[in-house]
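Below is one structure, written out as structure tokens; comments come after it.
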């Protein structure tokens, strides 16, 4: 197995959606002191639309998990579009996963596993698993999941 992230993405047969444009006044990706900060990403599909819904209402746990995985693909597309060299990523450091859910739904970490499992597949267990938080909230545009992350870069 190659250590190059770009080659691993191809080997896994992953299809990255288009990178979404910023939805406000912010940078989608910001490099600071050897770290890459990724603004909140939604689950953009290959046709440019988002996966919307509320887990515990019109989406179940498995659908939420798939939406979180799609956020991972969106994030990889955003990194490639706004940073370029995805192979410079050394490791995932921190993930904040936000799930659009009902008040009664309490399995947010299991939803965000969709993102975490994709990162582990793409970067490997040692580099793709970092610190993480998973919470429920109301999300803009009724997107099912939003995730932000911090990556450490190779020198």
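Please treat every number below as a calculation from the coordinates, not as lab data. This is a predicted model, so every value here is computed, not measured. So basically every Cβ, Gly included, is an ideal-geometry build from the backbone, and we count neighbours across all protein chains shown.
Miscellaneous remarks
- Largest-first principal axis extents of the Cα set of the range 85-155 (Å): 43, 22, 16
- For the chain, a Gaussian network of Cα nodes joined below 10 Å ranks 34, 128, 114 by mean-square fluctuation, and the top entry is 34.
- Order of 123, 115 - criterion: other Cβ atoms within 10 Å of each residue's Cβ, fewest first: 123, 115
- Estimated FRET transfer efficiency when R0 is 25 angstrom, pair residue 103-residue 58 (beta carbons, to 0.05): 0.95
- Distance from the range 46-89 to the range 97-150 (C-alpha centre basis), Å: 10 Å
- Order of 111, 122 - criterion: other Cβ atoms within 10 Å of each residue's Cβ, fewest first: 122, 111
- Build a GNM of the chain with springs between Cα atoms under 10 Å apart, and of 62, 116, 39 the one that fluctuates most is 62.
- Percent of beta bridges antiparallel (DSSP, the range 5-153, rounded to nearest 5): 70 percent
- Scaling against 2.2 N^0.38 Å puts the C-alpha radius of gyration of the range 5-153 at 0.96.
- Extended-chain gain in nm, criterion 0.36 nm per residue less alpha-carbon gap, residue 129 and residue 110: 5.4 nm
- Average Cα contact separation per residue, the chain, under 8 Å, 6 or more apart, as relative contact order %: 33 percent
- The chain - mean residue ellipticity at 222 nm from DSSP helices (-39,500 (n - 2.57) per run, n ≥ 4, rounded to 500): -10000 deg cm²/dmol
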